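These notes concern the structure reproduced below.
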Amino acid sequence: MTYKTIINKTKDFIENYMNSLNDISHDFNHINLVVNLALNIAKKEGLTKQRDLFHITMGSLLHDYGDSKYSNESQEIMIKDYLKQFKKLKIYDKNEIIRLASHISLSKEINHNYDNYYNHHYNHKRQLKLFIIQDADRINSLGAIGIMRYITFNVNNCEKPSFDEIVKNMNDRTMKIKKFIRTKTGIQIANSNNNFKLIKDFIKNYENFIKDK
C-alpha cells in the first residue's frame, strides 16, 4: 500500500470522525488547514523526502483523533489501533506517526514540560517534524479564523458559554502561542497578515465596550 493510498484512506476516516464531533472549531476543515500549512512549512524548512512528508501529513491528519477534549481513551492507543490495518507499513513509520500526532496539543505540552523530553529524546529532524505540525496547528488559532474557532469552541463545549470566558481563553492562549511557535517559517507566518494584531484588537475592542457599558 502506497503512502498516497494510506493518506487518502485516513482522510476519509478522519473527515467522518471530526465531523461527527459536531464542533466546527475542530472539524475536517481545521484538519485540512493544518495539513496544508504543515506541508508548506516543511518544504520551506528544507524537509523534502517523501517519507518525512508522509509522517507530517499523517501526524497532521490524526492530531485531533482521540484528543482529550473529546475522548477519555488514550490518544496514543487509539492511533495505534487505527494504524493496525496498514499491515505493510513499517513499525518505525507507525511509531513516528503516533509520536507526532499525540504530541501536538499546546496544553499537553505545557502541562508535561515537553522541553525536557525534546532535549533528551529527539534528533534535529525528528524534533523539526514535530515543531512543524505544532506550529501549523497553533497558527490556526490566530487571526480571523482563530477568533471564530474560540467562539464556536466555547459555545459548543462549555456548560455556560460566556463572552468573558471566550475573551479570557483567547487572550491566555494567544500569549502562550507566542512562546510556543518554534520554526523560522512558522514564526514568519504567525507574524504576517496581522494575525496577532487581529486577536489583540478584538480583545481590546471587547474590553472597551464592556468598560464603557
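Residue-by-condition table, conditions (1) under 20 Å from Ile110 (Cα atoms); (2) in contact (Cβ under 8 Å) with a residue 24 or more places away in the chain:
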| site | (1), (2) |
| --- | --- |
| Arg149 | no, yes |
| Cys158 | no, no |
| Val167 | no, yes |
| Arg173 | yes, yes |
| Lys176 | yes, yes |
| Gly186 | yes, yes |
| Ile189 | no, yes |
| Asn195 | no, yes |
Practice prompt. With respect to Asp64, determine if the residue is crowded, with 18+ Cβ neighbours inside 10 Å and either farther than 16 Å from Thr183 by Cβ or within 17 Å of the chain's Cα centre (by Cα) (or both).
Written response: yes
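Being on the phi < 0 side of the Ramachandran plot, under 16 Å from the mean Cα position of the chain (by Cα) and buried (at least 17 other Cβ atoms within 10 Å of the Cβ) is the requirement here; does Met18 meet it? Steps first, answer last, please.
Working: on the phi < 0 side of the Ramachandran plot: yes; under 16 Å from the mean Cα position of the chain (by Cα): yes; buried (at least 17 other Cβ atoms within 10 Å of the Cβ): yes.
Considered against the rule, which asks whether it is on the phi < 0 side of the Ramachandran plot, under 16 Å from the mean Cα position of the chain (by Cα) and buried (at least 17 other Cβ atoms within 10 Å of the Cβ), Met18 comes out as yes.
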Discussion item. Cβ-Cβ distance below 7 Å, separation of 6 or more or different chains: which pairs start in the range 52-76 with a residue that is within 16 Å of Leu33 (Cβ to Cβ) and end on one that is basic (Lys, Arg) and part of a helix (DSSP H, G or I)?
Written reply: Ile56/Lys129; Leu61/Lys11
Worksheet item: Within the group Asn194, Asn157, which residue is under 22 Å from Ser20 (Cα atoms) and modelled with pLDDT under 95?
Response: Asn157
Practice prompt. Evaluate the following for Thr152: is it closer than 30 Å to Arg126 by Cβ and among the hydroxyl-bearing types (Ser, Thr, Tyr)?
Written response: no
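The values are calculated or read from the model by the stated rules, or taken from the named source; none is laboratory data. Small disclaimer: the values here were computed from a predicted structure and weren't measured. Every residue, glycine among them, receives a Cβ derived from its backbone with ideal geometry; neighbour counts consider all protein chains shown.
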